[in-house]
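What follows draws every value from the coordinates through simple rules; no lab data is involved. What you are looking at is a predicted structure, and each value in this text was computed from that prediction instead of being measured. A quick note on method: Cβ atoms are made from the backbone with ideal geometry, for glycine too, and the neighbour counts reach across all protein chains shown.
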Amino acid sequence: MPNLDARVTAQGLGHWFVHDHWLFRDFSFDLVPQHVYAVTGPSGSGKSTLLSIIAGWLGPSEGTVTRHADTIRWVFQNPHGVPRRTALDHVALAYIGQGFKRKDADLAAMDMLTRFHLEGIADSPFAALSGGEAQRLMLARGLATSPDVFLIDEPTAQLDRTTADEVNAVMSSLAGQGIVVIATHDPHTRAMCSDVIDLAGEVAHSDSSEPASNVLGIGAESEGVSHPAVPSGPDTSSVFAEQST
Ligand SMILES: Nc1ncnc2c1ncn2[C@@H]1O[C@H](COP(=O)(O)OP(=O)(O)OP(=O)(O)O)[C@@H](O)[C@H]1O
Ligand SMILES: [Mg+2]
């Protein structure tokens, strides 16, 4: 189970790569478990950058991020797997890494594959999977590790509409877990998220003295998206990337 006390708090967050060309600025939020946050905005608006800052891979140019989370996991937009290893193995290894015996890991992995409608290709090697199957496998493998913070960068960006919809159809499996943050252009992916962090507003440029409230918005698309106070857990963040093993 993910730590339901996990929390990521950003205060006064701002970032630029080119001096004073702010991607976003004066941005504060609390990310809490059992919410699925969409990070939206046009290409270049800073979605991946914000994920990196949330993960702690990148320090913001200004502001602070406090993480109370033991495990942070990424899924990148291009699925990475071991070509000859089976789909089942990819997920079972996540359970073995948590101390499961092989047989129990296989059973748990099969359950997880079923949640993502992948039971039919459990014994297929990764190299034989379609793009949509491979991306769903990455999500299943990530979820199998029960991360406190699950960061997913453009899960449907490389997929055609039909295949993207196969992936979107299983996204609801991510709800009710730890903190899930999905960078996406895809309105279908956004629609399954409980909250939206929208970078699509005006991008502040060169040392704007305007208030930053128009730069970024964090909004809610459904009921129950207020950000409940969650007690803090240990601040011992570690980061695992969903790369090939
Ligand atoms: N390490 C870096 N050094 C300099 N500029 C960078 C760096 N990383 C990103 N950028 C620039 O910052 C801006 C935001 O990049 P980012 O990748 O966060 O955008 P994005 O919203 O994820 O875009 P996309 O939808 O295309 O993935 C872009 O203009 C990008 O070129
Ligand atoms: Mg990106």
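Data table
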read-out	value
Length-normalised contact order for the stretch 1-71 - Cα pairs under 8 Å, 6+ apart - percent	45
Relative contact order computed over the stretch 148-187 (Cα-Cα under 8 Å; 6+ residues apart), in percent	66
Anisotropy class of the stretch 137-177 from Cα gyration tensor, a/c 1.5 cut	prolate
Among 63-69, 36-42, the order from most to least packed when residues are scored by Cβ within 10 Å on average	36-42, 63-69
